[in-house]
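Written below as structure tokens is the structure these notes are about.
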Amino acid sequence: DQQVKQNSPSLSVQEGRISILNCDYTNSMFDYFLWYKKYPAEGPTFLISISSIKDKNEDGRFTVFLNKSAKHLSLHIVPSQPGDSAVYFCAASASRYKLSFGAGTTVTVRA
Amino acid sequence: KAGVTQTPRYLIKTRGQQVTLSCSPISGHRSVSWYQQTPGQGLQFLFEYFSETQRNKGNFPGRFSGRQFSNSRSEMNVSTLELGDSALYLCASSLGGLASYNEQFFGPGTRLTVL
């Protein structure tokens, strides 16, 4: 049972524009949400996170928004750069040591 | 600080065989988690070890097992391999405390192919 869903398997965006990645979850016990970025042949690397007590967290070009009532979060990348081309995973945690991941969204930034 | 290391990086086995994968966490990290990544399924949680004890387990059959040693290194074993076990197996380490969320750092993974 997939508790975290990323319904868009891929996203193509022009360099300099905004990339918006979406994620939905079903488990109301999730209280911590994260985004990971993964390049081929490498493990996922942590990008940004948000606690359920907040609705927005910003780190440089990356902003994560959380809408608890809709059980939805999104990642905004502004401006998108060629190095942002990767697979992005949304993850959520209801405990402190288990993450539930979405299937991932492949982002391609076009020059 | 050295990152999380996993060995071997690539492995080819045949159905019915068994396999052991190894993970060395970041120095000082006491928690090791294992995930299976397959196309279209994202990362599926296998289990997590903390101080040599399995603290949490995902929904995988008993053919998947693991252990952790006193130096926090962990091994994962899959017995009676099936074609569907072909995947990237990722290990992640963290400090492991329960007071707050501890960031997980991932290794590069072991690519297992079952023929």
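Of the listed requirements (1) open to solvent by 20 Å² or more (accessible area, probe 1.4 Å); (2) charged (D, E, K, R); (3) at pLDDT 95 or above, residue A:84 misses just one: (1). Against the numbered list (1) within 12 Å of chain A (Cβ to nearest Cβ); (2) surrounded by fewer than 17 Cβ atoms within 10 Å (Cβ to Cβ); (3) part of a strand (DSSP E or B), residue B:40 comes up short only at (3).
Quick one: in the range A:1-19, of everything that is outside any loop (DSSP other than H, G, I, E, B) and of a type in the set (Gly, Ala, Ser), which residue is least open to solvent (accessible area, probe 1.4 Å)? Filtering first and then ranking leaves A:19.
Of all positions in the range A:20-32, none carries a residue that is open to solvent by less than 20 Å² (accessible area, probe 1.4 Å) and touching an Asp or Glu at 6+ places or on another chain (Cβ under 8 Å). Give me the pairs, please: first residue somewhere in the range B:37-60 and without any contact (Cβ under 8 Å) to a residue 40 or more places away in the chain, second residue anywhere and surrounded by fewer than 14 Cβ atoms within 10 Å (Cβ to Cβ) and of a type in the set (Phe, Trp, Tyr), beta-carbon distance under 8 Å, and either six or more positions apart or on two chains. That search, which allows pairs on different chains as well, returns B:52/B:69. Being open to solvent by less than 10 Å² (accessible area, probe 1.4 Å) and at pLDDT below 95 is the requirement here; does residue A:46 meet it? Here the answer is no, as residue A:46 does not meet what is asked.
Of all residues in the range A:24-36, none satisfies being touching a strand residue (DSSP E or B) at 6+ places or on another chain (Cβ under 8 Å) and over 28 Å from residue B:59 (Cβ atoms). Within the range A:1-25, residues that are more than 13 Å from chain B (Cβ to nearest Cβ) and within 15 Å of residue A:87 (Cβ to Cβ) have Cβ atoms under 8 Å from residues that are assigned to a loop (DSSP other than H, G, I, E, B) and open to solvent by 60 Å² or more (accessible area, probe 1.4 Å) in these pairs: A:19/A:78; A:21/A:8; A:22/A:7; A:22/A:8, counting only partners at least 6 apart in sequence or on another chain. Filtering A:57, A:67 for residues that are surrounded by fewer than 13 Cβ atoms within 10 Å (Cβ to Cβ), over 23 Å from residue B:58 (Cα atoms) and free of Cβ contacts under 8 Å to residues at least 24 places away in the same chain leaves a single hit, A:67.
Tell me, yes or no, whether the range A:65-77 has at least one residue that is β-branched (Val, Ile, Thr), in a strand (DSSP E or B) and in contact with a Ser or Thr (Cβ under 8 Å, 6 or more places away or on another chain). Within the range A:65-77 (the criterion being β-branched (Val, Ile, Thr), in a strand (DSSP E or B) and in contact with a Ser or Thr (Cβ under 8 Å, 6 or more places away or on another chain)), the answer is yes, since at least one residue qualifies.
Among residues of the range B:87-107 being over 11 Å from the mean Cα position of the chain (by Cα) and touching a residue at least 40 places away in the same chain (Cβ under 8 Å), the one that is surrounded by the most Cβ atoms within 10 Å (Cβ to Cβ) is B:104. Of all residues in the range B:73-115, those that are more than 14 Å from chain A (Cβ to nearest Cβ) and more than 22 Å from residue B:14 (Cβ to Cβ) total 1.
The values are calculated or read from the model by the stated rules, or taken from the named source; none is laboratory data. The structure presented is a predicted model; accordingly, all values stated were derived computationally and were not measured. Note that we place each Cβ from the backbone using ideal geometry, even for glycine, and neighbour counts take in every protein chain shown. Only protein heavy atoms, including side chains, enter the accessible area calculation; ligands, DNA and RNA are left aside. Shrake-Rupley method; radii C 1.70, N 1.55, O 1.52, S 1.80 Å.
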